[in-house]
Ligand SMILES: Cc1cc2nc3c(=O)[nH]c(=O)nc-3n(C[C@H](O)[C@H](O)[C@H](O)COP(=O)(O)OP(=O)(O)OC[C@H]3O[C@@H](n4cnc5c(N)ncnc54)[C@H](O)[C@@H]3O)c2cc1C
């Protein structure tokens, strides 16, 4: 078990060690289990520990924002960051998603990290190793100028740590055209699957390969803008870009 587990990709900062392969026990319930976040399906994979939820949120940078307008559900992918107990998303003033969320309608945000494809001996038991978070709540329009700049900086730092210090900050017009929303991290759940496939006992004798194909997001070498002067070298945050060790807040 140990050798198998160590072959799986794990971010360094948080201990995801498991009491039992394929399942996690519920840890200290930092987030209260609500009617919406109580896991019905495979509840042992549920995690409400704030440190683990935060670690998943800090490693990802794309979320899917779910909301309904006139009974029509939409699920829109977008960037985000976490700062303390809030998620921040931003975008064009013209975005329907941001306008509607700014009105305080119900929102559900999902973040998904894929750690591996799980190949079982039967088609039925194929699975994925993953860490995912779902957050429910109501977003708040960030109107205070200082808070807005802080949130934009946090969004930038979250995706490319160090970039904000090197570039021109948004001017007044750009700030006006940008909407920033804050979603409190008050009602959230995580779900985690790790480990090998869980096959039916009678299938373990089959002569077919089974195991995990670990997956991770890696950056290739940066490609300079064709209009970049030749004497400007890429910064280390571009040449050594990694998602596995995001800055902790
Ligand atoms: C990459 C990936 C691939 C998956 N593939 C499949 C698949 O092929 N088939 C499948 O049935 N399921 C899959 N799942 C699991 C899926 O996300 C659901 O957990 C599962 O389908 C149960 O759904 P449900 O509506 O019955 O959840 P319920 O248990 O009814 O959900 C109740 C509450 O539990 C929490 N919850 C449920 N799922 C998650 C989650 N993934 N992350 C965080 N909180 C959660 C939420 O707060 C939710 O409101 C996958 C998950 C991931 C991340």
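Read the figures in this text as sums done on the coordinates, not as results from a lab. The model shown is predicted, which means the values in this text are computed figures rather than measured ones. Don't worry about glycine lacking a Cβ; one is built from the backbone with ideal geometry, like all the others, and counts go over all protein chains shown.
At 0.36 nm per residue, and after removing the present C-alpha to C-alpha distance, how many nm does the segment from residue 96 to residue 208 gain when stretched out fully?
35.4 nm
Across all directions of projection, what mean area in square nanometres is found for the Cα convex hull of the range 126-249?
For the Cα atoms of the range 126-249, the hull's average projected area reads 13.2 nm².
With axes computed from alpha carbons, what is the tilt in degrees of helix 145-159 against the longest principal axis of the chain, rounded to the nearest 10 within 0 to 90?
40
For the ranges 224-232, 59-67, what's the packing order if you count other beta-carbon atoms within 10 Å of each residue, average per peptide, and put the highest first?
Result, highest mean Cβ count within 10 Å first: 59-67, 224-232.
Any idea what angle helix 50-59 forms with the longest principal axis of the chain, computed on alpha-carbon atoms, 0 to 90 degrees, nearest 10?
70
Full extension from residue 243 to residue 218: what is 0.36 nm times the residue separation minus their Cα-Cα distance, to one decimal in nm?
8.3 nm
Quick one: order 89, 114, 134 by neighbouring beta-carbon count within 10 Å, fewest to most.
114, 134, 89
Grab the eigenvalues of the alpha-carbon gyration tensor for the range 2-239, scale each by 5, take roots, and send me the semi-axes largest first in whole angstrom.
They are 36, 25, 16 Å, listed largest first.
Most exposed first by the Cβ proxy, i.e. fewest other Cβ within 10 Å, how do 201, 51 rank?
201, 51
Please work out how much length the chain gains when fully extended from residue 232 to residue 164, using 0.36 nm per residue of separation minus the C-alpha to C-alpha distance, in nm with one decimal.
That works out to 22.8 nm of additional length.
Only counting other Cβ atoms within 10 Å, I'd like 236, 189 sorted with the fewest neighbours first.
Lowest to highest Cβ neighbour count: 236, 189.
If you average the C-alpha positions of the range 85-101 and of the range 44-81 separately, how far apart do those two centres end up, in angstrom?
14
Using only the alpha carbons of the range 60-128, what is the convex hull's orientation-averaged projected area in square nanometres?
6.8
Kirkwood Rh and Cα-based Rg: tell me the resulting Rg over Rh for the range 157-212, rounded to two decimals.
Taking Rh as the inverse mean 1/r over Cα pairs, Rg/Rh reads 1.36.
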